[in-house]
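The values are calculated or read from the model by the stated rules, or taken from the named source; none is laboratory data. None of these values were measured; they are calculated from a predicted model. Cβ sites come from the backbone with ideal geometry, for glycine too, and all protein chains shown count toward neighbours.
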Amino acid sequence: MARYISTSPFSAVSCASAVTSTLRDHGFLRRVSSLHDGVLDCLFPRICVGCGKIGDYICARCAANLPVLDGPLCPRCGQPQASGILCPPCAAKLSPVSSIRSVFRFEGVVRNAVYELKYHNVRAIAPTLATYLTEYARQREVVADVIVPVPLHPQRQRRRGYNQSELLARALAQSLDAPVSINSLKRTGGQASQARTRSMTERLRNVADAFTCTDASFSDKRILLIDDVCTTGATLEACAVALRSAGASDVLGLTVAREV
Ligand SMILES: [Zn+2]
Ligand SMILES: [Zn+2]
């Protein structure tokens, strides 16, 4: 644990070129995909999750008023912190995650959007939310070698039919032209929904040892962990423990929203 660092790489601007590409331009597939999207838009028009206006999942007016999480933040956990230095809980412990950042506060239109993605099977909203992750990562020149989504337990994923964090990570990776790894980090426990385990202690107990990773290719790699919502950071930390044990040199967490 002593090797975990306590500074915030999100504030350290360094070489953006470290995000390297393994994706290729599948022009034909993209054209078929956009035709498919066009047909779906006719059959199931996009409705703004904020005001109900037809046209997009987040209309321009609602997009202009999204609850951006800015201001002084704890460099480690990303909670608002007036001084911008480590908050007391972070100062009292070492963490396997160098820094957690979230684009928005988990409220209003953003909360509606995440709920639609997660619980109402509106998978098509993922690219819209991923554009905000992309913008955030580009503006701050986030440095990572591999993008990894927080996995769901296989049983939960079978029930839901998809992993919302994987959809976000794939869309982000495509926009950044960066590698994404889907199956290397596995969830083997912690099935109880984090949304129903309220206290920090309960959340930590629920996810401790819930993740495993044995991918040797992660050795000395900087990982960008992606999730939809960060509540206490316990899930991201548990993932990071597994990634560090696989040799990752650094783990950053980036989520669409954060409960503050
Ligand atoms: Zn709207
Ligand atoms: Zn903190």
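Would you check if Ala192 is at pLDDT 95 or above, out of contact with any Cys (no Cβ under 6 Å at 6 or more places or on another chain) and more than 14 Å from Leu236 (Cβ to Cβ)? Spell out how you get there, then give the answer.
On the way: at pLDDT 95 or above: no; out of contact with any Cys (no Cβ under 6 Å at 6 or more places or on another chain): yes; more than 14 Å from Leu236 (Cβ to Cβ): yes.
No; evaluated as a whole, the condition is false for this residue.
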Quick check: anything in segment 72-81 within 16 Å of ligand 1 (Cβ to nearest atom) and either out of contact with any Phe, Trp or Tyr (no Cβ under 9 Å at 6 or more places or on another chain) or not aromatic (Phe, Trp, Tyr) (or both)?
-> no
Members of segment 206-233 found to be of a type in the set (A, V, I, L, M, F, W, C) and within 27 Å of Gln139 (Cβ to Cβ), listed by number = Phe218, Ile223, Leu224, Leu225, Ile226, Val229, Cys230
With (1) without any contact (Cβ under 8 Å) to a residue 12 or more places away in the chain; (2) within 13 Å of ligand 2 (Cβ to nearest atom); (3) surrounded by fewer than 18 Cβ atoms within 10 Å (Cβ to Cβ) as the list, and Pro72 as the residue in question, which single condition is left unmet?
-> (1)
Given (1) surrounded by fewer than 17 Cβ atoms within 10 Å (Cβ to Cβ); (2) among the β-branched types (Val, Ile, Thr); (3) away from ligand 1 (no atom under 16 Å from the Cβ), index of the condition Val103 fails | (1)
Test result for Leu129, exposed (fewer than 15 other Cβ atoms within 10 Å of the Cβ) and touching a residue at least 60 places away in the same chain (Cβ under 8 Å) = no
